[in-house]
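Q: Mind having a look at this structure? Questions to follow.
The values are calculated or read from the model by the stated rules, or taken from the named source; none is laboratory data. Note that the structure is predicted; figures quoted are calculated from it, not measured. Here the Cβ positions follow ideal geometry from the backbone for every residue, glycine too, while neighbour counts run over all protein chains shown. Ligands, DNA and RNA are stripped out before the accessible areas are found, and what is left, the full protein with its side chains, is counted by its heavy atoms. Shrake-Rupley method; radii C 1.70, N 1.55, O 1.52, S 1.80 Å.
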Amino acid sequence: MNPVFDALHVPPAALEQGGVEVLRAVIVDGGLHVSLRRAFDDPDAWGMLIADVARHVARIYATENGMREETTLARLRELFNAEMDAPTDPGVTSAIS
């Protein structure tokens, strides 16, 4: 039996207008695997990207199970800060082009 990779759909705007993928995150056997492109000259832009992603996550939780966006964002912030202060798994990063 071949392993199955359950990929997300490309966002409609990217299909219509083009774009550049900057981040792909995959869970394999409970572990996070990431492909990313540095993409921005200033790392501040990554902070904005991460904040935008968090807001999207909060909206999905609000839509799918009724959890308030503010509650989800508070939980995300709490764990984000805890994980930044004491990583459960710092992982490894290597550049592959």
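Q: Determine which member of the set His33, His56 is outside any loop (DSSP other than H, G, I, E, B), within 28 Å of Ala95 (Cβ to Cβ) and either in contact with a Ser or Thr (Cβ under 8 Å, 6 or more places away or on another chain) or at pLDDT below 95 (or both).
A: After ruling out the rest, the residue left standing is His33.
Q: Give the stretch 7-56 a look and list any residue that's farther than 26 Å from Glu69 by Cβ, without any contact (Cβ under 8 Å) to a residue 12 or more places away in the chain and among the charged types (D, E, K, R), or say none.
A: Result: Glu16, Asp29, Arg38, Asp41, Asp42.
Q: Answer yes if at least one residue in the stretch 10-19 is modelled with pLDDT under 95 and more than 15 Å from the chain's Cα centre (by Cα), and no otherwise.
A: No: the stretch 10-19 contains no residue that is modelled with pLDDT under 95 and more than 15 Å from the chain's Cα centre (by Cα).
Q: Provide a single number: the residues in the stretch 63-94 that are open to solvent by 100 Å² or more (accessible area, probe 1.4 Å), part of a loop (DSSP other than H, G, I, E, B) and either over 24 Å from Arg37 (Cα atoms) or not acidic (Asp, Glu) (or both).
A: Qualifying residue count, the stretch 63-94: 5.
Q: Condition check: modelled with pLDDT under 95 and under 16 Å from the mean Cα position of the chain (by Cα). Does Ala95 satisfy that?
A: So Ala95 fails the test.
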